[in-house]
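This report refers to the structure that appears directly beneath it.
The values are calculated or read from the model by the stated rules, or taken from the named source; none is laboratory data. In this text, all values refer to a predicted model and were calculated from it rather than measured experimentally. Cβ placement follows ideal geometry from the backbone for every residue including glycine, while neighbour counts extend to all protein chains displayed. Please note that ligands, DNA and RNA were not included when accessible areas were found on the heavy atoms of the full protein model with its side chains. Shrake-Rupley method; radii C 1.70, N 1.55, O 1.52, S 1.80 Å.
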There are 2 protein chains.
Amino acid sequence: MIQCPSKASLGDERDMASPVLSASGHLVAIGGAEDRTSDLEILKKIFSLAPEGCQEVAVIATASGIPDQVLPEYEAAFLRLGASHVHSLGIRDRQAAADADTVRLIEQSGLIFFTGGDQLRLTNILGGSPVLKAIRQRLQDGAVVAGTSAGAAAMPGTMIYNGAAADALRKGGVSLTFGLGFVDNLIIDSHFLERGRFTRLMEVGASNPEHLGVGLGEDAGVIIHPHGILEAIGPGHVILIDSRDLASSNIADLAMGEPVAVEYMILHAMVSGHGFDVENRCYLVPDELDALIEESR
Amino acid sequence: MIQCPSKASLGDERDMASPVLSASGHLVAIGGAEDRTSDLEILKKIFSLAPEGCQEVAVIATASGIPDQVLPEYEAAFLRLGASHVHSLGIRDRQAAADADTVRLIEQSGLIFFTGGDQLRLTNILGGSPVLKAIRQRLQDGAVVAGTSAGAAAMPGTMIYNGAAADALRKGGVSLTFGLGFVDNLIIDSHFLERGRFTRLMEVGASNPEHLGVGLGEDAGVIIHPHGILEAIGPGHVILIDSRDLASSNIADLAMGEPVAVEYMILHAMVSGHGFDVENRCYLVPDELDALIEESR
């Protein structure tokens, strides 16, 4: 049974009042542990989305506890892919997040990439900063904003920053706060299959079924195209947990720590080339995805 | 959106041609790590289902690599709960599985309990044996057959015996073989939330969407009532993955090891007192479950 409206009329039925991503650039969320030394499948795809003639890359390692290790890795990878310059930006504190030179480097870049680490460091240091405002503007103007692991989890308006998978689906087991606000109507989790994090998105979905759960496997990613079309990339999986049709849950009646019941969520597993229309909650096999992306050009 | 037929008419619409459990006894599957020393919540519930006047318990440790450790634990627990005798049965080889004295002890028992361990040892040693035939007959005649971890996974006609969660949902990542055949139309996985095994049941569901996936969390269990009504027990969760309405998957087109796409599975999380009608694929909140169980008495 397919829940979608007629796939032929997606363009007309899309609810433009709540766009997922109201920008002309692409947002790309990666589940962590993407290949950085071999085929670079995901990084190559991301780099190819940068606007023409704008081959500078900014790599932001604010989330990372080991920026001196990861920044050179990404610098080497993006140079291999043809970047004209790679700006390695540690941005370790809020002063650095207000630095005018750093803002200028962001403004020059066609691809802005967030490394992994701790998403709470990312939001705590970048929240409300000139650097973050510059990144939002770049996305608006057509640049690519990409992030892996913590850098992916932090992208939505609301993000998960803590919660062991085995403790989740118990009221309060997952900790949420404001994210970087690049995309609405989604919640993003990373290392999803490898760490068995289904319960985290189920708990969030029970707490408010409106927002789509996107669980990114390692070496997998999702391109969020303008108009809210998701496209899976990389050798791994992108799991979707759609709670919008949730029939019942006991969550509001429980004490903290008690187990949450869930009646009816919808589960998808996307692989590279498959897609999803977030507004219409419609899975797209490769032909359908290609047609929609072509149409929106 | 609720997928169920009218909940009031479940009795009439049940497809009696494919009963989940065609026995008068109860089958109870537990996800592992159930409390054996404190409140004994799950073991107490299981013991209470034994037929009146039949308080002997047989504990079968065939699956276990450490039978000398687990058998005394269960013996102590069931004696505490009021068992008149606890028969601790190691059954280490196929000769022991044909032993007439052991068969006689099974025939005397109102509750037959399988410990955890390796489900492949369970089926390899018990498959086709006189002991297994005696257990099936006891279930038919009204005894309780219960099992934890491997002892739960082995219960259906087909069982999972291997497959790391992070490797699953890649074609061939999950290894299946014949189970003990106590119940049809289900596949059971244990330690489900703790080991993030959602991908295992998704792969099985993609390979054949007909059979309901039952993922048992630790210290959680499910009573399979006659007529295929599931009842969740214990402090943990019972996850259901229902693939029957699967819309599409690439699994048949893949080489072994390639990632499996899944369009549309339904996900539920049951907690103690909640239930599920397997034939009608209908989630039952506590009032509905109680009414159905009452009605079937």
key: Residues of region A:40-66 that turn out to be in a loop (DSSP other than H, G, I, E, B) and either within 16 Å of residue A:148 (Cβ to Cβ) or touching a Ser or Thr at 6+ places or on another chain (Cβ under 6 Å) (or both), as a count   = 9
message = Could you go through region B:261-270 and let me know if any residue there is touching a residue at least 24 places away in the same chain (Cβ under 8 Å), within 12 Å of another protein chain (Cβ to nearest Cβ) and open to solvent by 30 Å² or more (accessible area, probe 1.4 Å).
response = no
key: Residues satisfying the stated conditions in region A:72-105, i.e. open to solvent by 60 Å² or more (accessible area, probe 1.4 Å) and among the hydroxyl-bearing types (Ser, Thr, Tyr)   = A:84
query = Out of all the residues in region B:241-260, which are over 19 Å from residue B:230 (Cα atoms), touching a residue at least 12 places away in the same chain (Cβ under 8 Å) and either more than 9 Å from chain A (Cβ to nearest Cβ) or out of contact with any Leu (no Cβ under 7 Å at 6 or more places or on another chain) (or both)?
reply = B:245, B:246, B:247, B:248, B:249, B:251, B:254, B:255, B:256, B:257, B:258
inquiry  = If I ask for residues that are touching a helix residue (DSSP H, G or I) at 6+ places or on another chain (Cβ under 9 Å) and open to solvent by 20 Å² or more (accessible area, probe 1.4 Å), which ones from region A:106-115 would you list?
reply    = A:107
task = Could you check, for region B:7-25, whether at least one of its residues is at pLDDT 95 or above and within 14 Å of chain A (Cβ to nearest Cβ)?
result = no
key: Cross-chain or 6+ apart pairs with Cβ under 6 Å, region A:147-174 first and more than 14 Å from every other protein chain (Cβ to nearest Cβ), then of a type in the set (D, E, K, R) and assigned to a loop (DSSP other than H, G, I, E, B)   = A:148/A:34; A:150/A:118; A:157/A:184
ask   = residue B:69 passes all but one of (1) open to solvent by 60 Å² or more (accessible area, probe 1.4 Å); (2) under 16 Å from residue B:34 (Cβ atoms); (3) not in a helix (DSSP H, G or I); which number fails?
value = (3)
query = Taking the stated definitions as given, is residue A:215 in contact with a helix residue (DSSP H, G or I) (Cβ under 8 Å, 6 or more places away or on another chain) and crowded, with 23+ Cβ neighbours inside 10 Å?
reply = yes
message = Being among the β-branched types (Val, Ile, Thr) and within 12 Å of chain A (Cβ to nearest Cβ) is the filter here; which residues of region B:175-201 pass it?
response = B:199
ask   = Which residue pairs have Cβ atoms closer than 6 Å, lie 6 or more positions apart in sequence or on different chains, and pair a first residue in region A:116-129 that is of a type in the set (Asp, Glu) with a second residue that is modelled with pLDDT of 95 or more?
value = A:118/A:63; A:118/A:150
remark   = Residue hits (region A:175-218; of a type in the set (Ser, Thr, Tyr) and touching a residue at least 24 places away in the same chain (Cβ under 8 Å)) are A:177, A:190, A:199, A:207
ask   = Taking the stated definitions as given, is residue B:236 within 25 Å of residue B:285 (Cβ to Cβ), touching a Pro at 6+ places or on another chain (Cβ under 8 Å), small (Gly, Ala, Ser) and at pLDDT below 95?
value = no
ask   = Do we have any residue at all in region A:95-110 that's farther than 30 Å from residue A:209 by Cβ and in contact (Cβ under 8 Å) with a residue 60 or more places away in the chain?
value = yes
message = Can you find, within region A:271-297, the residue that is farthest from residue B:217 (Cα to Cα) among those that are within 12 Å of chain B (Cβ to nearest Cβ) and among the small types (Gly, Ala, Ser)?
response = A:273
ask   = Does at least one position in region B:175-194 carry a residue that is surrounded by fewer than 23 Cβ atoms within 10 Å (Cβ to Cβ), over 17 Å from the mean Cα position of the chain (by Cα) and at pLDDT 95 or above?
value = yes
